[in-house]
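To start, the structure itself, in structure tokens.
The values are calculated or read from the model by the stated rules, or taken from the named source; none is laboratory data. This is a predicted model, so every value here is computed, not measured. Cβ placement follows ideal geometry from the backbone for every residue including glycine, while neighbour counts extend to all protein chains displayed.
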Amino acid sequence: MKIVVAIKQVPSRDSQLKVNSSGTWIEDADLTWEINEPDAYALEAGLQLKEKLSGEVVVLCAGPESAAQTIREALAKGADRAIHIETGKEGTADPLVLARMMAKALVSERADLILTGLQSDDLGYGQTGVILAEAMGLPHATIIMNVEAEGSGIKVKRELEDGWFQYVEMPLPALLTIQSGATKLRYATLMGIKKAKTKEVRIIAASGLTETGRPSIRIERVYMPGKTKHSQIFDGPAKEAAAKLVEKLRFEARVL
């Protein structure tokens, strides 16, 4: 089985984030980087399937030249080879443009299964995977907790609300978006790190994959949440005041 896993390089979770001078994104000069956590779970799911069914795991990453470090980390964990779509330093914030680039890069791969994380830690749109499935004409399922081979297809476990789960049988090829925490992540071994240095990384220029035209989405402004205090007094009988308080806490503060 050929499995493609899409990964993304994002700032480390313990990074101190500052908005850049133009106010359009964060200052990334002194940041450390890592694999997007949901994508790490997608990679783990792909590696586990490979161990059960044999085949290969191909990592796909769209990002700047510095994303090579993240790609090597994925190869060190057990992926067989990688495809790096080199974008500019700023990358792309448009999931439609990104998905179309990825779809073009994967045409020749003829993958049996494509796995992505549910969403990215930096932008959190949760759209790239499903748009990629549509662009490639593939059946897809989201919020996947487990994947098993079922005849000539697969059987997946989807997480629903309130502790409910859904089991779905799907044909191949297909695309799945993997939920974080679905399994335990592995660490790269010393031998894996050594082998990663010799594994193939095919580099594709993003300019050769991008269609001309205006992006469908653009970040206008990034800013830190305001820290202000606000007091509100509810007049009237205690019962009415309590009802108003509960309504505010539920629909405005969203803590109930």
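From the set of residues in segment 115-132 that are of a type in the set (A, V, I, L, M), in contact with a strand residue (DSSP E or B) (Cβ under 8 Å, 6 or more places away or on another chain) and closer than 19 Å to Glu34 by Cα, which is surrounded by the most Cβ atoms within 10 Å (Cβ to Cβ)?
Here is the first cut: in segment 115-132, the ones of a type in the set (A, V, I, L, M) are 115, 118, 123, 130-132.
Still in the running and in contact with a strand residue (DSSP E or B) (Cβ under 8 Å, 6 or more places away or on another chain): 115, 118, 130, 132.
Checking which are closer than 19 Å to Glu34 by Cα leaves us with 115, 118.
Working: Leu115: 28, Leu118: 23.
Per the stated criteria, the residue is Leu115.
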Quiz prompt | Unique match (being over 19 Å from the mean Cα position of the chain (by Cα), more than 25 Å from Glu220 (Cα to Cα) and among the charged types (D, E, K, R)) among Asp30, Asp80 | solution = Asp80
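Within segment 111-128, can one find any residue that is over 12 Å from the mean Cα position of the chain (by Cα) and either part of a loop (DSSP other than H, G, I, E, B) or under 20 Å from Ile217 (Cα atoms) (or both)?
Looking only at segment 111-128, we keep the residues that are over 12 Å from the mean Cα position of the chain (by Cα), and these are 111-114.
So of that shortlist, the ones also either part of a loop (DSSP other than H, G, I, E, B) or under 20 Å from Ile217 (Cα atoms) (or both) come out as 111-112.
For segment 111-128, residues over 12 Å from the mean Cα position of the chain (by Cα) and either part of a loop (DSSP other than H, G, I, E, B) or under 20 Å from Ile217 (Cα atoms) (or both): present.
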Quiz item: On the given criteria, is Ala149 modelled with pLDDT under 95 and in contact with a helix residue (DSSP H, G or I) (Cβ under 7 Å, 6 or more places away or on another chain)?
Solution: yes
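Identify, please: which residue in segment 90-124 is of a type in the set (Val, Ile, Thr) and touching a residue at least 40 places away in the same chain (Cβ under 8 Å) and is, among those, farthest from Pro139 (Cα to Cα)? Please lay out each step first, then the result.
Step one: list which residues in segment 90-124 are of a type in the set (Val, Ile, Thr), which gives 92, 97, 107, 114, 116.
With touching a residue at least 40 places away in the same chain (Cβ under 8 Å) added as a condition, the list becomes 92, 97, 114, 116.
Numbers: Thr92: 25, Val97: 20, Ile114: 11, Thr116: 14 Å.
The extreme case among them is Thr92.
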